[in-house]
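The values are calculated or read from the model by the stated rules, or taken from the named source; none is laboratory data. Being a predicted model, the structure only gives us computed values, none of them experimental. Don't worry about glycine lacking a Cβ; one is built from the backbone with ideal geometry, like all the others, and counts go over all protein chains shown. With ligands, DNA and RNA removed, areas are computed over all heavy atoms of the protein, side chains included. Shrake-Rupley method; radii C 1.70, N 1.55, O 1.52, S 1.80 Å.
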Amino acid sequence: MTNHPIKVTKTTQSSLSSVDFSDIPFGKVFSDHMFVVDFDGKEWKNAEIKPLQHLSIHPGNLAWHYGQSIFEGMKATKLADGTPALFRPEMHAKRINASAARMCMAEIPEDLFLQAVEMMVSLESAWIPPAEGSALYIRPLMFATDEFIGVRPSTLYKFIIFTMPVGPYYPKPVSLLAEEHFIRAAYGGVGEAKAAGNYAASLYPAKLAKEKGYDQVLWLDARESKYIQEVGTMNIFFVIGDKLITPITDGTILKGITRDSLIQIAKRKGLFVEERLISIDEVVNAHEDGSLKEVFGAGTAAVISTVSKIGYRGKDYVLDHENYKIGPMLKAEINGIRSGRVEDSYDWVKKIAPSLVGV
Ligand code: COI
């Protein structure tokens, strides 16, 4: 780990004792500290870890008006001997900079990103829930901070990391509505960036889908309303016959790190994996001829989330989700690697020393 100067002020009032790790709603419980660093137009300065607190921000803050705001989602778990561990952190460092480049924002040095994440996990290690499938969710976030009204890239940025103990994002199987009217991302757009606006744009169609009784939208491509993209909260996988199929990353979908990990695990397990265009018609036909065996989503928050049905053009395609085999096998494998129960032959798990942050 390189040593960027990071000032540390520890809290004197931890709220850890008030948390029940056996019942943690996703996204509502926050750990004690945050990391903050500012970009001054030339370099990142004044890096510090301090007690989690509100920010004081000018109403003309550029990010709020013109949307330069990006984030990551990562997880820390504990290995059997209690050592905190991160999962493929360098992939997240690269991905936030890919998002920054697309949104015309400052990039953060990967070694600073990684050092800050590691120090936060070390400091908050008591906040990592012990149960397999639970984790400390890490939210790195960057946004524009120029006080200026006008459409141009900001010169100033703030980068923050805060963390949350979490259980499953989707505690139950999810139902999806294949959406033909609204789109999430077009070719050449920003669908691949982990940009706040992508999630905002999904809210209204998701609300309509919920009113019709579905949990989320299954996004189709913007040109033909035909090819499946992702769910918005996770990438999507199909088991058709003996093949595991997932949409190709063509610039419109998030390059999921869980997605990539599952592809690698599945290939090593000897499964036939295809990353390609997959149309909603192919999925419907496979359901009708009985070859559609499984549908599941994959993401850092979602891990692997079972899909119970897909709605399309007024018809529901119900899945025999209680008899899925490949999704549960992949989930056990990825959770097992994260908890140290399964050998990490991929070198994905990065152990974190519990004492990176001095007293
Ligand atoms: C993640 O999977 O980490 C995400 O950021 C997705 C979000 C729906 C929580």
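A few notes on this one:
- Dipole check for the chain: with +1 at the C-beta of Lys and Arg, -1 at the C-beta of Asp and Glu, and the Cα centre as origin, the magnitude is about 280 Debye.
- Highest average packing first - 222-232, 341-351, Cβ atoms within 10 Å: 222-232, 341-351
- The packing ranking of peptides 142-148, 12-18, highest mean first, is 142-148, 12-18, where packing means the average number of other beta carbon atoms within 10 angstrom of each residue.
- Pairs beyond 20 Å (Cα-Cα), from Lys172/Lys325; Lys28/Lys350; Lys243/Lys350; Lys226/Lys315: Lys28/Lys350; Lys243/Lys350
- Cα gyration tensor category, rounded, prolate or oblate, for the chain with a/c compared to 1.5: oblate
- nm² value of the averaged projected area, convex hull over the Cα atoms of the stretch 182-328: 8.2
- Relative compactness, the stretch 1-96, computed as alpha-carbon Rg over 2.2 N^0.38 Å: 1.32
- Fully extended contour minus Cα-Cα distance, from Ser122 to Lys207, at 0.36 nm per residue: 26.8 nm
- Annotation: aspartates and glutamates with alpha-carbon distance below 15 angstrom to Lys212 (same-chain offsets under eight excluded): Glu179, Glu180, Asp316.
- Label zone at Ser225 (point 7 Å along Cα-to-Cβ), backbone N below 15 Å, the stretch 245-283: 280-281
- Counting heavy atoms of the protein chains alone, Tyr187 has an accessible area of about 80 Å² for a 1.4 Å probe.
- Per-pair calculated FRET efficiency, R0 = 35 Å: Ser14 and Ala98 via Cβ, rounded to 0.05: 0.50
- Computed from the C-beta positions of Phe71 and Asn3 and an R0 of 35 Å, the FRET efficiency is 0.85 to the nearest 0.05.
- Around Leu254: net Lys/Arg minus Asp/Glu count, Cβ-Cβ under 9 Å: +2
- Fraction of alpha-carbon pairs over 19 Å apart in the stretch 266-359 - percent: 56
- If only the Cβ of Lys and Arg carry +1 and only the Cβ of Asp and Glu carry -1, the dipole of the stretch 7-168 around its Cα centre is close to 240 debye.
- Förster radius 56 Å - calculated FRET efficiency between Val151 and Arg341, Cβ distance, rounded to 0.05: 0.65
- Rounded to 5, the percent of DSSP beta bridges in the stretch 174-324 classed as antiparallel: 60
- For the chain: relative contact order, % (alpha-carbon pairs under 8 angstrom, 6 or more apart): 19
- The stretch 94-168, relative contact order in percent, only Cα pairs under 8 angstrom and at least six apart counted: 31
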